Amino acid sequence: QQPVISVNPAFKLSDIDDKTYSGFTEHMGRCIYGGIYDVDNPLSDEDGFRKDVIEALKELNSPVVRYPGGNFCATYHWQDGIGPRENRPKRPELAWIGLESNQFGTDEFMKWCEKVGTAPYIALNMNTGQYIRPYLSQRQRPLTSIQAPSMKANILTILPALAWVEYCNSTQDTYYANLRRKNGHEEPYNVKYWALGNEMWGPWQVEQMTKEDYAKKAFQWAKALKLLDPSIELILCGKEGQDAWDYHVLKECIKFDRHARGNDGCLIEMHSIHLYTCSNNHLENVTAPRAAERCIEMTGALIDLVHAENKIPSHVRKQKICFDEWNVWDSSRANGRDGAEEKYTLSDALAVATWLNAFIRQSKYIGMANIAQSVNVISPLMTTKYGIYKQTTWWPWLLFCKYMRGTTIAVNVQSAEYEGSTKPDWLRGAMETPWLDVSASIKDSVVSLVVVNIHESKSFSTKLDGIPSGANVEVYTVAGDNIGVINTAEKSEVEVKESKWEAKELYEFPKASMTMLRWKV
Ligand code: AHR
């Protein structure tokens with residue numbers, strides 16, 4: 001069967017949120033230290049930030065970067081990371097079993113974001129609040145301007161979070177806003193996005209929670225945070241979007257109260273889900289991101305269900321999905337405690353391309369998505385002492401970041417399917433897995449069509465419907481000698497090849513490749 005791809009630029013489906021191309025920097029492995037911050041390296045600027053990393057990330061034009069974790073959040077105390085560096089305490093780090101020097105903290109991250117041209121997204125520590133200190137030291141040190149007079153243990157834990165928002169965003173004459181000023185930052189940072197914890201369900205978390213405990217606490221935190229700053233957007237901690245956890249926390253936290261501050265009476269703006277896919281079997285590897293697509297559909301359905309069940313008025317904006325950790329990662333292949341420095345193959349690059357196709361196809365649900373992570377840790381971008389290099393996965397990531405913006409448009413593919421084993425197993429039957437994985441967008445009258453040929457050894461001569469014959473098409477191809485090739489600091493086996501094509505009826509999509517075709521309508 002000859003494949004047929006029909007694209008219809010006039011049939012607009014939904015807007016692609018620019019935040020689909022967001023990043024993530026965690027105090028993990030060499031992401032912060034040795035990645036974005038490398039104080040003794042001649043490649044760094046006067047603030048200790050790696051200039052080559054900043055330049056590379058600027059090209060992606062990512063609107064948002066998440067910080068400081070990840071699992072790291074669970075025992076992170078943001079006040080350890082502000083003020084004069086020589087006074088900052090070193091702490092044991094329990095997520096990745098290391099030592100946190102706190103030489104890079106909130107103010108450094110804000111400055112780095114400014115240099116990259118991106119906005120910060122902070123994940124709050126909902127696990128351990130603060131080292132015993134707050135209760136014992138409240139007389140010596142005001143915690144936040146809105147603290148309650150009698151503090152119970154569960155109230156205590158939110159105070160550092162409120163204090164963090166106050167430090168970052170307040171313009172008032174209050175303790176933490178003044179502390180920011182004292183640290184040299186007169187103007188507020190206006191951090192808009194705040195996550196209510198990270199993977200709170202995970203057995204690996206310090207102070208893991210049940211869904212009941214989390215939902216109760218998240219709702220109360222959301223209320224208090226919005227009292228302090230109604231302009232912020234809150235991101236609820238979900239799982240993979242298809243779990244009893246997701247349903248329960250959505251049901252308990254997506255409520256309407258016309259007095260509530262934020263989103264027209266609803267405290268939560270987005271629901272976070274996480275997924276990493278990977279397999280050493282190429283076809284399992286490149287089809288696994290379809291599971292993410294199914295998770296997105298199911299999360300969208302749960303949000304709809306909860307709106308109906310909780311009788312949320314129709315004027316309240318539906319919560320979007322914040323897919324704030326996604327990527328190709330096998331933790332047995334690249335262990336977190338060793339810094340999780342994956343070496344990505346061409347197969348992985350194609351998997352990243354199918355991940356991104358899924359985001360485009362499902363753009364109506366996606367409010368933000370953050371590649372995990374931006375530098376060194378399971379990342380497309382790597383540093384060495386002497387420079388940076390781009391892994392295979394960088395190239396599809398770059399092409400999507402640059403061109404797949406605007407609006408998702410209708411595209412139909414008729415192609416034979418891969419019918420072997422899938423990872424996870426439930427994927428088989430839940431989603432289609434055609435040999436050609438396709439998405440399309442339009443921006444400023446330019447159509448971008450992405451076709452990932454997942455077949456390892458077969459190219460497909462494909463009939464293209466919807467590209468006017470003779471149109472001048474820009475072609476970007478990501479391919480390599482075989483699916484196992486990797487890029488290193490010394491040698492790039494996979495890059496983007498650019499060419500031109502005068503549109504005809506048939507296009508041959510090479511084996512194991514990603515192709516982006518762009519033309520003006
Ligand atoms: O991105 C690496 C880790 O994966 C994050 O810290 C955690 O949230 C997830 O399990």
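The values are calculated or read from the model by the stated rules, or taken from the named source; none is laboratory data. All of these numbers come straight from a predicted model, not from anything done at the bench. Ideal geometry is used to build each Cβ from the backbone, glycine not excepted, and the neighbour counts take in all protein chains shown. In case anyone asks, the SASA skips ligands and DNA or RNA and just uses the protein heavy atoms, side chains included. Shrake-Rupley method; radii C 1.70, N 1.55, O 1.52, S 1.80 Å.
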Inset, instruction - Among what's in segment 111-125 and is at negative phi and open to solvent by 10 Å² or more (accessible area, probe 1.4 Å), pick the residue that is nearest to the ligand (Cβ to nearest atom). - result: 125
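Let's see how each residue does on (1) within 15 Å of the ligand (Cβ to nearest atom); (2) farther than 13 Å from residue 376 by Cα; (3) open to solvent by less than 10 Å² (accessible area, probe 1.4 Å):
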site: 311; (1), (2), (3): no, yes, no
site: 314; (1), (2), (3): no, yes, no
site: 317; (1), (2), (3): no, yes, no
site: 320; (1), (2), (3): no, yes, no
site: 323; (1), (2), (3): yes, yes, yes
site: 326; (1), (2), (3): yes, yes, yes
site: 330; (1), (2), (3): yes, yes, no
site: 333; (1), (2), (3): yes, yes, no
site: 336; (1), (2), (3): yes, no, yes
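Looking at segment 409-425, can you tell me whether even one residue there is assigned to a strand (DSSP E or B), touching a residue at least 12 places away in the same chain (Cβ under 8 Å), farther than 30 Å from residue 51 by Cα and touching a helix residue (DSSP H, G or I) at 6+ places or on another chain (Cβ under 8 Å)?
No, segment 409-425 contains no residue that is assigned to a strand (DSSP E or B), touching a residue at least 12 places away in the same chain (Cβ under 8 Å), farther than 30 Å from residue 51 by Cα and touching a helix residue (DSSP H, G or I) at 6+ places or on another chain (Cβ under 8 Å).
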Legend entry - Residue check for residue 371: among the β-branched types (Val, Ile, Thr), closer than 21 Å to residue 193 by Cβ and either open to solvent by less than 10 Å² (accessible area, probe 1.4 Å) or touching a helix residue (DSSP H, G or I) at 6+ places or on another chain (Cβ under 8 Å) (or both): yes
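What do you reckon, is residue 273 under 28 Å from residue 332 (Cα atoms), open to solvent by less than 60 Å² (accessible area, probe 1.4 Å), in contact (Cβ under 8 Å) with a residue 40 or more places away in the chain and not acidic (Asp, Glu)?
yes
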Inset, instruction - Can you run down the residue pairs with Cβ atoms below 7 Å, 6 or more apart or on separate chains, where the first is in segment 367-395 and touching a residue at least 24 places away in the same chain (Cβ under 8 Å) and more than 16 Å from the ligand (Cβ to nearest atom) and the partner is open to solvent by 10 Å² or more (accessible area, probe 1.4 Å) and not in a loop (DSSP other than H, G, I, E, B)? - result: 367/19; 367/320; 387/52; 388/52; 392/345; 392/486; 395/495; 395/496
Inset, instruction - Please verify whether segment 41-60 includes one or more residues that are in contact with a Ser or Thr (Cβ under 8 Å, 6 or more places away or on another chain), in a strand (DSSP E or B) and more than 16 Å from the ligand (Cβ to nearest atom). - result: yes
Legend entry - Unmet criterion (only one of (1) away from the ligand (no atom under 16 Å from the Cβ); (2) at pLDDT below 95) for residue 128: (1)
Inset, instruction - Would you be able to say whether some residue in segment 6-22 is more than 30 Å from residue 521 (Cβ to Cβ) and surrounded by 17 or more Cβ atoms within 10 Å (Cβ to Cβ)? - result: no
Legend entry - Number of the exception - residue 445 against (1) free of Cβ contacts under 8 Å to residues at least 60 places away in the same chain; (2) at positive phi; (3) in contact with a Lys or Arg (Cβ under 9 Å, 6 or more places away or on another chain): (1)
Inset, instruction - Kindly establish whether residue 133 is modelled with pLDDT of 95 or more, under 25 Å from residue 237 (Cβ atoms) and either of a type in the set (Phe, Trp, Tyr) or open to solvent by 20 Å² or more (accessible area, probe 1.4 Å) (or both). - result: no
Legend entry - Single unsatisfied condition, residue 402 versus (1) of a type outside the set (Ser, Thr, Tyr); (2) closer than 21 Å to residue 474 by Cβ; (3) in a loop (DSSP other than H, G, I, E, B): (3)
Legend entry - Complete set of residues in segment 46-102 that are open to solvent by 40 Å² or more (accessible area, probe 1.4 Å), among the basic types (Lys, Arg) and more than 30 Å from residue 202 (Cα to Cα): 51, 58, 85
Legend entry - strands (runs of 3 or more DSSP E) contained entirely in segment 482-521, each with at least 2 residues that are open to solvent by 60 Å² or more (accessible area, probe 1.4 Å) and more than 14 Å from residue 399 (Cα to Cα): 495-502, 506-509
Inset, instruction - Those residues that are charged (D, E, K, R) and either within 16 Å of the ligand (Cβ to nearest atom) or open to solvent by less than 40 Å² (accessible area, probe 1.4 Å) (or both), I need them from segment 396-427; list them, please. - result: 405
